[in-house]
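Trainee: Got a structure here, written out as structure tokens. Questions coming.
The values are calculated or read from the model by the stated rules, or taken from the named source; none is laboratory data. Only a predicted model underlies this, so the values are computations on that prediction, with no experimental measurement involved. Positions of Cβ are generated from backbone atoms using ideal geometry, with glycine treated the same way; all protein chains shown enter the neighbour counts. The area values use the complete protein model at the heavy-atom level, side chains included, leaving out ligands, DNA and RNA. Shrake-Rupley method; radii C 1.70, N 1.55, O 1.52, S 1.80 Å.
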Amino acid sequence: GKERETVGFFAVLAACVLFAWFVVGVFPVYPSVVLTGSMEPLIAPGDAVLIQKLSSEGEIYRLSEGEIINFKRDKITITHRIVGVIKDEAGNVSFQTKGDNNDSADVQPVLPNDINGTVRQVIPKVGLPVLLMKSGEAVPEGVTDHE
């Protein structure tokens with residue numbers, strides 16, 4: 001009857017709210033869709049990665065070679081592997097990154113403030129709708145890989 005419909009409605013509403021919170025990043029883990037093949041074969045275009053947010057400076061200083069991080073570069077989000085940890089005399093740290101499928105490392109080192117988090121899980125193909133929506137947009141030079 002009516003009661004069951006109301007309960008069902010609220011269950012769906014709660015699920016939608018939780019999903020929205022998940023997407024906007026209320027939780028310490030959130031999804032990001034990978035748009036290019038720079039991390040193939042591990043991560044393909046259209047795969048989603050679950051990003052674990054870094055909550056403290058200490059966590060950034062514990063990042064090491066081989067970990068995959070998600071970071072901001074201009075207005076783009078990039079998911080690449082750390083291939084080198086760079087420390088200067090003052091003890092500041094930055095990271096040399098590279099896409100597994102790219103021939104060379106990224107030119108610019110990644111600074112702690114640019115890091116969104118580390119990749120905890122790859123979920124294949126979940127992001128294909130996002131990939132299809134974005135495929136109509138112009139992708140900046142250097143973000144796409146060879147066709």
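Trainee: Can you list the GluC sites (Glu not before Pro) in segment 30-116 that are in a DSSP coil and have 14 or fewer other beta carbons within 10 angstrom? Can you show the working numbers first?
Mentor: Values: sites: GLU57, GLU59, GLU65, GLU67, GLU89; in loops: GLU65, GLU67, GLU89.
Answer in residue order: GLU65, GLU67, GLU89.
Trainee: Using a 1.4 Å probe on the protein chains only, how many percent of the accessible area of segment 32-79 belongs to carbon and sulfur?
Mentor: Ligands and nucleic acids excluded, carbon and sulfur give 51 percent.
Trainee: Let me ask something else about it. Across segment 1-133, how many lysine pairs, 8 or more positions apart or on different chains, have C-alpha atoms separated by under 27 Å? Please give the number.
Mentor: Taking the Cα cut-off of 27 Å, the pair count is 13.
Trainee: If you place +1 on the Cβ of every Lys and Arg, -1 on the Cβ of every Asp and Glu, and leave all else neutral, what size is the dipole of the chain about its Cα centre, to the nearest 20 Debye? Could the numbers behind the result be given before it?
Mentor: Details: 13 positive and 19 negative charges, 125 e Å.
Using only the charged Cβ atoms, the result is roughly 600 debye.
Trainee: Give the peptides 124-131, 102-109, 1-8 in descending order of average Cβ contacts within 10 Å, highest first.
Mentor: Going by the mean number of other Cβ atoms within 10 Å, highest first, we get 124-131, 102-109, 1-8.
Trainee: For the chain, which semi-axes, largest first and in whole Å, follow from the square roots of 5 times the eigenvalues of its Cα gyration tensor?
Mentor: 33, 21, 12
Trainee: Give the long-range amide H neighbours of ASN101: residues separated by 5 or more places, or on another chain, with amide H under 5 Å away, using H modelled in the peptide plane at 1.01 Å from N.
Mentor: MET39, GLU40
Trainee: Quick one: grab the alpha carbon gyration tensor of segment 1-69, order the square roots of its eigenvalues as a ≥ b ≥ c, and give me rounded if a/c is under 1.5, else prolate or oblate depending on whether a/b is larger than b/c.
Mentor: oblate
Trainee: Another question, then. Using a Gaussian network model of the chain whose springs link C-alpha atoms within less than 10 Å, name the residue from ARG81, ARG73, ARG62 with the highest mean-square fluctuation.
Mentor: ARG62
Trainee: May I ask you to give the solvent-accessible area per residue for the chain, in square angstrom, as obtained with a 1.4 angstrom probe?
Mentor: Per residue, the chain has an accessible area of 65 Å².
Trainee: Sticking with this structure for a sec: I want the local charge near GLN52. Using Cβ-Cβ distances under 12 Å, sum +1 for each Lys or Arg and -1 for each Asp or Glu among the other residues.
Mentor: Result for the neighbourhood of GLN52: 0.
Trainee: Here's a follow-up. So how far, in whole Å, is the C-alpha centre of segment 6-20 from the one of segment 29-75?
Mentor: First find each Cα centre; the distance between them is then 29 Å.
Trainee: Counting only the heavy atoms of the protein chains, how much of PHE19 is accessible to a 1.4 Å probe, in Å² to the nearest 10?
Mentor: 130 Å²
Trainee: So, one more: Of VAL93, VAL110, THR6, which is farthest towards the positive pole of the chain's charge dipole, taken about the Cα centre with +1 and -1 on the beta-carbons of Lys, Arg and Asp, Glu respectively?
Mentor: Looking along the dipole axis, the top candidate is THR6.
Trainee: A further question on this structure: How high is the relative contact order of the chain, in percent, with contacts defined as C-alpha pairs under 8 Å that are six or more residues apart? Walk me through the numbers on the way to the answer.
Mentor: Details: 239 pairs, mean separation 38.0, N = 147.
Normalised by residue count, the contact order of the chain is 26 percent.
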